[in-house]
Amino acid sequence: MLPLPVLEKAQSELTNYKESGMSVMELSHRSALFTEIIEEAEQHLRELMEIPDNYKVLFVQGGASQQFASVPLNLFGEKGKADYVNTGSWSKKAIKEAEKYGDVRVIASSEDANFTYIPKIEKSMIDPEADYVHITTNNTIEGTAFHEIPDTGDVPLVADMSSNILSERMDVSKLGVIYAGAQKNIGPAGLTVVIVREDLIGKASKSCPVMLDYKTHSDKGSLYNTPPTFAIYMAKLVFEWLKELGGIAEMEKINREKAALLYNQIEASRLFSSPVEKDSRSIMNIPFVSPSADLDVDFISQAKEQGLETLKGHRSVGGMRASIYNAMPKEGVQSLVAFMQNFEDSNQ
Ligand code: PMP
């Protein structure tokens, strides 16, 4: 979802942005009007996430999936060693990609229990010689999340925050690199945000493609080539919406209320249950199951008739999954909870 006020604002400016007679989609990425958009977008993000000055914000393309390669290509020094935490399907993909470029060690995994929990990461587990440690802060498919950022000492921590960036307060200074595909909490697909500590820029291997090198985009203010201009404009509007709402602290409060509504319903239910361990629960993606796959199918199709969309769990896990990203209003969760109760009452 995108916030409705954002879509309406974009609609009102769609054909004539700031009296230019052009749509943002038609502006040159080197025009004054677009320069203002990208600079404001970065500034809003810096304020929202309280990004320290020694970090660069990059607006790139290729999705989080491309970062699975960019991260090792930029951070593997002479050692070419990294420690990864395997907490789900997306972590696995990141690991598989990094293995092409160096020595990857999986220091903790919850695969033994279908990724239903987040393993504890102790500093002693980390190879002090590693170029970086990689975690996925929110596991979109499995519905788990790290509740604290692990302490990796002097080894830079890299986080895939695709599905929980901007949803709760995060101390950026504890991380070396943060990356996220925009399409959950930032804006439309096509844009990827990378936040990288300056000392980690300029170390890319010689074979790193120019488009994957953080230095390329850092040196040129994300304008080395044509960036996804409309997606950046939409992200700017989303950041403005979030600031107006009260920033990330306020957003986090609302997100926790939404997640609690849904988890309370699941816990009180005699029909539905959660596969996720209580202290590893995500507040963005909430999976739940009924006692049978047939009942799950009925639930999803009847929910759709009520206008409750996209509740099917990922094909690798089955059951249901409610993705309640920032733009999902509390009323949306209330409708889902009411529908779950009705469904339960008529399936005793
Ligand atoms: N990591 C996580 C945690 C994700 O949720 C996703 C997308 N669902 C990806 C990576 C892949 O993102 P993209 O489609 O932007 O490549």
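Where a number appears in this text, it was derived from the coordinates with a stated rule and is not lab data. Quick caveat: nothing in here was measured; it's all calculated off a predicted structure. In this analysis, Cβ positions are derived from the backbone assuming ideal geometry, glycine residues included, and neighbour counts consider all displayed protein chains.
At-a-glance table
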read-out: Cα-Cα separations in the range 101-164 greater than 15 Å, expressed as whole percent; value: 53
read-out: DSSP H segments from the chain that extend 20 Å or more along their own axis, Cα-based, with Kyte-Doolittle mean of -1.0 or above; value: 32-49, 229-245, 247-268, 330-345
read-out: Cα-based Kirkwood hydrodynamic radius, the range 174-236, one decimal, Å; value: 12.7
read-out: Exposure proxy ranking, count of Cβ atoms within 10 Å, fewest first, for 134, 217, 44, 147; value: 147, 44, 217, 134
read-out: Ranking of 321, 30 by count of other Cβ atoms within 10 Å, fewest first; value: 30, 321
read-out: Residue exposure sequence - 45, 191 - by fewest surrounding Cβ within 10 Å; value: 45, 191
read-out: Helix-only [θ]222 nm of the chain, DSSP H runs n ≥ 4, -39500 (n - 2.57) each, per residue, nearest 500; value: -11500 deg cm²/dmol
read-out: Virtual spin-label span in nm between residue 223 and residue 314, 7 Å along Cα→Cβ; value: 3.7
read-out: Part-to-part distance (alpha-carbon centres) for the range 237-261 and the range 92-130, which is given in Å; value: 31
read-out: Whole-Å semi-axes of the chain's equivalent ellipsoid (Cα gyration tensor); value: 33, 28, 16
read-out: Contact order relative to length of the chain, as percent, for alpha carbon pairs under 8 angstrom and 6 or more apart; value: 21
read-out: Cα-based Rg of the range 248-345 normalised by 2.2 N^0.38 Å, two decimals; value: 1.01
read-out: Built amide H within the under 5 Å cut-off of residue 144, gap 5+; value: 139, 282
